[in-house]
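Any read-out appearing in this document is the output of simple, stated calculations on the displayed coordinates, not a laboratory observation. Nothing here was measured: the structure is a model prediction, and the numbers come from that model. Positions of Cβ are backbone-derived with ideal geometry, glycine not excepted, and every protein chain shown enters the neighbour counts.
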């Protein structure tokens, strides 16, 4: 946009100097300019294409504004006429080496049949006359101008010549894949880069290519022409649209086939109406007269120039902290581009060259700002993307677990490992380890000795490093609770001796505590109190490795309601066996206790747990002899029992 404004300003000055009519006909950057030819052909055989017998330029220049509808005045005839010895190759450029940005027309003049006579000529906007430069374009009459150069193309060979305004053009490049392709034309941009289009695809797949002023290929697009538009002899570019002169259907008129220049491809999918100033006339059954547009020209400033910058890094793979050399790669930087390098968004003092060296750490973001002085760009300031570089930590790795021996319980993880992002592995598949976190599944891993490895992330410039630690998984002790002696019957409220498997150096803990309220709950052997119901007793054994084994035993004692009665007693007050009473292993309640002599006389009756006969009857010692007793009682399980028998009283 800035370039167009400059051109408009200088064109306005020229207008003021030369007059409105002349200025209005000088090239404008929103137009496409074309020459036209008159061709006479004969029809040798019906149904076959006519055979040209004469073809000559008319000397006309037409200007077409794509922003306006095609009409009788668009394209419009320019008041500037081509020189009488015009051969072809119209283009738009400033007068080379003049210092003036005013745009004008260049072309090739001379004897069409003698290439040595061909010369570059231009229309002088000050004198309104054509000037022969005296400089030969080479055997290439199809020309383009931009960036202070003219380029000319030999369409039959693909040779491109370059001209700087000071001497004959010199061969720059033989374009690959452009022998006898079409259209025979070139377009140049403000930077001096030039474009060549192969739409026909006769000998090579269709393409549009962009070359630098030194002949280096800069970019290439594939070209798709699904409608089969037949190109003429020229093309032009305005913005991102490419135009080719083409025959419109069966009208015999010339129009503009159009395609949008994408990132990698161009699709020609539309065509303008035929231009009224072109035609095909059948003069007779054997003669055809055609008027067609051939060569085309657009100004270099019509092609958008974009200042861009990217960064390459060498080396591109490093350990954190290594020195990296960064190089800027720019387009449309102009003759004196300015640079400013940034690290993490902070401008680095003195880092204002095209290259930059920096000891780069993990997380560093290196960017560069370009300020272009090219007159071709509309936005002179461009910021690069962040430089792409593979950075890894590079420090020696560390790995530490809390122990080197573990039991097969729960999980464990490393208490320390660095740097982050590495990979854990084991010397054997028996150890189940998470490769990302280092967590070890102890419960499901196999018992054994292992080596655990931790490998850091590496790259081409910083190889991975590995650290290893030993780790052993030991079995948990196997524990079994058993009784110390062979007990045939367990009774409620009794005690029982238990023991756990004997493991050298192990520590034992028994529980719950209620079973050991009156006994010790530590040691391999213990005495436990029994209670009515299910008695669930546990033991935990910790071996010398800190591994814990456990076992549980469940004991269900009986009420043991068997009442024991003595078969004799001696009530002689000697403190030994003086009373006749019951003996029981468990707590019970005596409901009724009676004693009878051998004649059936009741000599004693009592109740309660303290009931007992002292051998007295009616206040006197009963006679020695055999007596009969009957006792009824309730056991702890709530059931009533009865017992009868004989008792001998001894005096």
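So the label point goes 7 Å from the Cα of residue 468 along Cα→C-beta, right? Which residues of the stretch 426-450 then have their backbone N under 11 Å from it?
Within reach of a label on residue 468: 426-428, 450.
Within the chain, what percent of beta bridges assigned by DSSP are antiparallel, to the nearest 5?
The antiparallel proportion sits near 95 percent.
Testing the spin-label approximation: label points 7 Å from Cα along Cα→Cβ at residue 562 and residue 522. State their distance in nm.
3.9
Just how far, in whole angstrom, is the stretch 411-490 from the stretch 143-188 if you go by their alpha carbon centroids?
Between the Cα centre of the stretch 143-188 and that of the stretch 411-490, the gap is 73 Å.
Just to confirm the number: angle between the C-alpha axis of helix 2-18 and the first principal axis of the chain, 0 to 90 degrees, nearest 10?
The angle comes out near 20 degrees.
Determine the relative contact order of the chain: mean sequence separation of Cα pairs under 8 Å and six or more apart, normalised by residue count, in whole percent.
It comes to 7 percent, rounded to a whole number.
Before rounding to the nearest 500, sum -39500 (n - 2.57) across all DSSP H runs of length at least 4 in the chain and divide by the residue total; then give [θ] at 222 nm in deg cm²/dmol.
Helix contribution divided over all residues of the chain: -1000 deg cm²/dmol.
Using only the Cα atoms, work out Rg/Rh for the stretch 108-232, with Rh taken as the Kirkwood radius, to two decimals.
A ratio of 0.99.
Taking the Cβ of each residue in 92, 603, 639, 126 as the centre, tally the other Cβ atoms inside 10 Å and list the residues starting with the fewest. Don't skip to the answer; put the middle values down first.
Working: 92 27, 603 19, 639 10, 126 14.
Ascending number of Cβ neighbours within 10 Å: 639, 126, 603, 92.
So if the hydrodynamic radius of the chain is defined as the Kirkwood radius over C-alpha pairs, what does Stokes-Einstein give as its diffusion coefficient at 20 °C and 1.002 mPa s, in µm² per second?
Rounded to a whole number, D works out at 60 µm²/s.
Classify the stretch 40-94 as rounded, prolate or oblate, taking a ≥ b ≥ c as the square roots of the eigenvalues of its Cα gyration tensor: rounded when a/c is under 1.5, otherwise prolate if a/b is larger than b/c and oblate if not. Mind dumping the intermediate values first?
Details: a/c = 3.02, a/b = 1.56, b/c = 1.93.
Oblate, because a/c is 1.5 or more while a/b does not exceed b/c.
I need 480, 104 ordered by Cβ neighbour count within 10 Å, fewest first.
Final ranking by Cβ density, sparse to dense: 480, 104.
For residue 168 and residue 67, calculate 0.36 nm times their separation in residues minus their Cα-Cα distance, and state this gained length in nm to one decimal.
Numbers: separation 101, 0.36 × 101 = 36.36 nm, distance 3.77 nm.
Answer, rounded to one decimal: 32.6 nm.
What ranking do 558, 525 get, fewest neighbouring Cβ atoms within 10 angstrom at the top?
Result, fewest neighbours first: 525, 558.
Tell me the relative contact order for the stretch 308-392 as a rounded percent, counting alpha carbon contacts under 8 Å between residues six or more apart.
40
Order of 36-45, 61-70 by packing, highest average Cβ count within 10 Å first?
61-70, 36-45
As a test of the definition: which semi-axes, in Å, follow for the stretch 422-565 when you take the square root of five times each eigenvalue of its alpha carbon gyration tensor? Largest first, please.
Values: eigenvalues 535, 33, 25 Å².
Each semi-axis is the square root of five times an eigenvalue, giving 52, 13, 11 Å.
With the Cα gyration tensor of the stretch 2-302 giving a ≥ b ≥ c as the square roots of its eigenvalues, does the rule (a/c under 1.5 for rounded; else a/b larger than b/c for prolate; else oblate) give rounded, prolate or oblate? Intermediate results must be reported in sequence, preceding the final value.
On the way: a/c = 1.36, a/b = 1.21, b/c = 1.12.
Rounded is the answer for the stretch 2-302, as its axis ratio a/c remains below 1.5.
Rounded, prolate or oblate: which fits the stretch 23-169 when a ≥ b ≥ c are the square roots of the eigenvalues of the alpha-carbon gyration tensor, with rounded for a/c under 1.5 and prolate only if a/b beats b/c? Provide the component values of the computation, followed by the final result.
Details: a/c = 1.99, a/b = 1.22, b/c = 1.62.
Because a/c hits 1.5 or more and a/b fails to exceed b/c, the stretch 23-169 counts as oblate.
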